[in-house]
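The values are calculated or read from the model by the stated rules, or taken from the named source; none is laboratory data. Keep in mind that what you see is a predicted model, and the values were worked out from it rather than measured. With ideal geometry, Cβ positions are generated from the backbone for all residues, glycine too; neighbour counts draw on all protein chains shown.
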Amino acid sequence: MKLYASLLSCDLLNIGGEIEALVEAGIDGLHVDIMDGHFVHNIAFGIDAVKQICGAANLPVSVHMMVSKPAHFIKAITCDGVESIVVHCEIGNLPGVLKCIKEAGVGVGIAINPTTKVFEIVDYVEFIDTVCVMGVYPGFGGQAMVPGITERIGCVRSVCGANVEIAIDGGVNPSTTDLVKLCEADILIAGSYLFSGNSGNRVDNLKERIKALCHGVSKKL
């Protein structure tokens, strides 16, 4: 199981320092949310921010596009370091957008909200590399994981099989990861739990939180 840090909850005035601390603490990758204020009721990050984040760390970066028209930005946002681009089922022309991501040479991901029916991704399984199961309603960090997410992970696995990675994004903390691990998700995406309570040595603090999230799984620190 891999652990990615969602930068939405980091100290934005010290994002470079946060990334350095995450790298030293042993994080597996970074997760960047792009929000346009239309698809979700929030605004976060942008194309230049993604490029700078990729340049700041030798880590894979997953870009989660919570925007109404992601096709307009895929080419511009694909840079060295971007591992995958994730879009939502609810956007228009989903097949065309998935094709654009594939042609850009990065991993193709679909995110499903807590209210999205799992069967809606059936027709796209052969075109995707990752399903991002949202543990919260998208748009804001710090939310509690909604009930029933572990069952949804099982449904996604039964639909997609073993060749598609499953990520869980939202509400990830030590009290929820034990259930997620039992469902054999491949990637945990944590934000507010990792970054809250910045006291003492930042790297040591992150190491302890990473250990707490990854307890019982094969992660080397």
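Of all residues in segment 165-179, those satisfying the criterion of being surrounded by 20 or more Cβ atoms within 10 Å (Cβ to Cβ) and at negative phi are Ile166, Ala167, Ile168, Asp169, Val172, Thr176, Thr177.
Taking each residue of segment 65-78 that is closer than 17 Å to Pro95 by Cβ and modelled with pLDDT of 95 or more and looking for partners that are charged (D, E, K, R) and surrounded by fewer than 20 Cβ atoms within 10 Å (Cβ to Cβ) with beta-carbon atoms closer than 9 Å, six or more apart or interchain, yields Met65/Asp36; Ile74/Glu103. For segment 37-63, a residue qualifies if it is under 21 Å from Phe140 (Cβ atoms) and part of a loop (DSSP other than H, G, I, E, B), and the qualifying residues are Gly37, His38, Phe39, Val40, His41, Asn42, Phe45, Gly46.
Evaluated against (1) at positive phi; (2) out of contact with any strand residue (DSSP E or B) (no Cβ under 7 Å at 6 or more places or on another chain), Glu24 falls short on exactly one condition, (1).
Yes/no per residue for (1) out of contact with any Gly (no Cβ under 8 Å at 6 or more places or on another chain); (2) assigned to a helix (DSSP H, G or I); (3) surrounded by fewer than 20 Cβ atoms within 10 Å (Cβ to Cβ):
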| site | (1), (2), (3) |
| --- | --- |
| Met65 | yes, no, no |
| Ala71 | no, yes, yes |
| Val87 | no, no, no |
| Gly92 | yes, no, yes |
| Gly105 | yes, no, yes |
| Ile121 | yes, yes, no |
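When the residues of segment 141-172 are filtered to those that are under 13 Å from the mean Cα position of the chain (by Cα) and assigned to a loop (DSSP other than H, G, I, E, B), the one that is farthest from Leu3 (Cα to Cα) is Gly141.
Taken over segment 178-221, residues that are closer than 23 Å to Ile19 by Cβ, at pLDDT 75 or above and not hydroxyl-bearing (Ser, Thr, Tyr) amount to 21. Would you call Val133 at negative phi and either in contact with a helix residue (DSSP H, G or I) (Cβ under 8 Å, 6 or more places away or on another chain) or outside any loop (DSSP other than H, G, I, E, B) (or both)? It is true that Val133 is at negative phi and either in contact with a helix residue (DSSP H, G or I) (Cβ under 8 Å, 6 or more places away or on another chain) or outside any loop (DSSP other than H, G, I, E, B) (or both).
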